[in-house]
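Q: One structure is given below, represented as structure tokens, and several questions about it will come after.
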Amino acid sequence: MERFPKKQAAVIMIQGTASHVGKSMIATAFCRIFTRHGYRTAPFKSWNMSVNTYLTADGGEIGVGQGQQAEAARIKATVEMNPLLIKPVAPGQVQVIVRGRPYKSVDTAVYAKEKQHDFYLQVIAESLARLCWEYEIVVIEGAGSPAEINLQEQDVANMQTAHLAKAPVLLVGDFSRNGALAGTLGTYLLLPPKDRALLGGFLFNKFDGEEAKLQLLAKVLTAETKLPVLGAIPYLKDLTLAEEDVAKEKALRGEEVAEKKADSGRQYDLLADAVEKALEMPQIYHLMGLAGPRKESGPWVQS
Amino acid sequence: MGAVLMVEGTSQGAGTSLVCAALCRYFRQAGYSVAPFGAKMLVKNMWAQDFGFLGWEQFLQAEAACLNPTVNLHPVFLLQKNHSYDLYWQGKIVAQVTWHEFQHAFAPKTLALARESLEALRRSYDLVIVDGGGNPGENKLLQQEIITLDIKEKLKAPTLLVADIEWGGMFASVMGTFALLAEAEKAHIGGIIVNRFRGRQENLLPGLEMLEELVQKPVLGVLGYYHQVPLATAPAQLAAHKEREAAYQLLSSALQEQVDLSFVMQLLT
């Protein structure tokens, strides 16, 4: 599997304590932040299960998240950015899409039990190697939780991808439901030592602004894991919500709406501004083995 | 004095309220007189009664237990209003407070009232099912869910932990919760109920066995996703009484089919 060329992009991986904690959004923000900082940046999600897909310029099908992340990075999306896509097509049936093209349709139960692990890892390694060759930074997104102890061998999307990429991992917890500490600490505890070694720190998402509570939780988490909390991101409306907002404003300011839609990039800049402000960027650059921004940072959008 | 069963979750919204409603109906049908008790400090939705307001969830749980809601079922709670809270005291709004003000001016009185109400229920019913708030591992640290903490400390009530698996990360949330508890606190937790599982149970079983080994507690059952149950929706969309009754029956049957209730019964005796 050691097929990486010597020239390697810097990498960072975002994993979460569960689905819907905001991994995609944070990876999207990272793509725009590093792009604005002067690095040629690409998104990567090795394995995705989604019905929402994005068509690349050459007609390949990838997860919609990587399509948006490519837009945020101001590059064209390619099939390498999400080489494995599992698409539920009918009850109990999934379509396996490999590098943008239908590979096969199988029963969900068959997919869960099949032994194509080596083939999938090969596909992931090759796509990753190509991106690492073409770009300076690759922002990798995990899927679900890396600590599903009933699935750890099959789970190529999280730690197995992190090991292939030698990526430092930031673990995202959802602050909004009073379980962020249990979720992050529990994930850490369930990971084997070789996976724990890849963790670089924690991020909290959907932070309600209660600083005292954040400090308490961060203190305990760091004491238990010896890893830092590198940021708490406030509750941000995701990009689709932002678009809904644009629609709502229509009646009031029609011309401005048209302008905003033309500049869809503004949403990525707003997101990147908010996330960049909430994170310890110097420490994140350090984890990636980079000194820092290549050029001066924002804010890009005046609020 | 009636027995007390505490139900806590791995996070807010893990499904304790639904599980409490199911337990209320199950034990009522098994021939016990049952009352729910709302211990959650923060309430999102309330419901009006002749005595005033109580949490929406306690209203439903009372129905499931076949009793008319009284002020003791949910004696004190906070309703969030932007950056402050409306404090409801025995069904009536008595003050608008910040969290800080609540802690300093009302917390001791709150605990006294909650204890009195719970005692009153225990005198009248065989069993009180407490809908606890917050993650038990984080509660002590954050000191927000003071009624839940107080009941556990004072009564050492046996506790069921509801673990939400809907978006994954369930094993981690349970593991982390136990890692945050002291030995004495762990001792009260009788077992785990996995909630909102949509896949095939046979795929989950090896993981559940590993989890039992890791936290040294039994998984008492796995509940499915009851999106067809018209309970979890906001009060404005209250389903018809007939539908609600069907829902309580469904929940009670699900509990009987999926959860080791004889073990729960042992916890109570």
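Every number here is computed from the coordinates shown, using simple stated rules; none is lab data. It should be emphasised that the depicted structure is a prediction, and the values quoted were computed from it without experimental measurement. Positions of Cβ are backbone-derived with ideal geometry, glycine not excepted, and every protein chain shown enters the neighbour counts.
Q: Among the residues of region B:91-114, are any under 30 Å from B:Leu255 (Cα atoms), more than 12 Å from chain A (Cβ to nearest Cβ) and surrounded by fewer than 22 Cβ atoms within 10 Å (Cβ to Cβ)?
A: Within region B:91-114, none of the residues are under 30 Å from B:Leu255 (Cα atoms), more than 12 Å from chain A (Cβ to nearest Cβ) and surrounded by fewer than 22 Cβ atoms within 10 Å (Cβ to Cβ).
Q: Does region B:12-19 contain at least one residue that is within 14 Å of chain A (Cβ to nearest Cβ), buried (at least 21 other Cβ atoms within 10 Å of the Cβ), in a loop (DSSP other than H, G, I, E, B) and within 15 Å of the chain's Cα centre (by Cα)?
A: Among the residues of region B:12-19, at least one is within 14 Å of chain A (Cβ to nearest Cβ), buried (at least 21 other Cβ atoms within 10 Å of the Cβ), in a loop (DSSP other than H, G, I, E, B) and within 15 Å of the chain's Cα centre (by Cα), which makes the answer yes.
Q: Restricting region B:155-205 to residues that are of a type in the set (Val, Ile, Thr) and more than 10 Å from chain A (Cβ to nearest Cβ), which is nearest to B:Arg115 (Cα to Cα)?
A: Per the criteria, the residue is B:Thr159.
Q: Now a separate question. How many residues does region A:131-156 contain that are closer than 24 Å to A:Arg32 by Cα and within 14 Å of chain B (Cβ to nearest Cβ)?
A: Within region A:131-156, residues that are closer than 24 Å to A:Arg32 by Cα and within 14 Å of chain B (Cβ to nearest Cβ) number 3.
Q: Right, next: Of all residues in region A:177-213, how many are within 11 Å of chain B (Cβ to nearest Cβ) and surrounded by 17 or more Cβ atoms within 10 Å (Cβ to Cβ)?
A: Count: 16.
Q: Let me ask you something else. Please give the strands (runs of 3 or more DSSP E) falling wholly within region B:81-194 in which 2 or more residues are over 20 Å from A:Phe175 (Cβ atoms) and touching a Phe, Trp or Tyr at 6+ places or on another chain (Cβ under 9 Å).
A: B:84-89, B:92-97, B:127-131
Q: Return yes when B:Leu54 is closer than 23 Å to A:Glu211 by Cα and away from every other protein chain (no Cβ under 14 Å) and no when it is not.
A: Details: closer than 23 Å to A:Glu211 by Cα: no; away from every other protein chain (no Cβ under 14 Å): yes.
Spelling it out, it is not the case that B:Leu54 is closer than 23 Å to A:Glu211 by Cα and away from every other protein chain (no Cβ under 14 Å).
Q: While we're looking at this one, here's another question. Considering only residues that are touching a Phe, Trp or Tyr at 6+ places or on another chain (Cβ under 9 Å) and surrounded by 22 or more Cβ atoms within 10 Å (Cβ to Cβ), which ones fall in region A:161-176?
A: Result: A:Thr161, A:Ala165, A:Leu170, A:Leu171, A:Val172, A:Gly173, A:Asp174, A:Phe175.
Q: With the condition being of a type in the set (A, V, I, L, M, F, W, C) and either surrounded by 22 or more Cβ atoms within 10 Å (Cβ to Cβ) or within 14 Å of chain B (Cβ to nearest Cβ) (or both), I'd like the strands (runs of 3 or more DSSP E) fully within region A:17-125 carrying at least 1 qualifying residues.
A: A:41-44, A:47-49, A:61-63, A:84-90, A:93-98
Q: Could I ask something else about it? Could you check region B:114-150 and list, in sequence order, the residues that are closer than 22 Å to B:Arg25 by Cβ and of a type in the set (Asp, Glu)?
A: B:Asp126, B:Asp131
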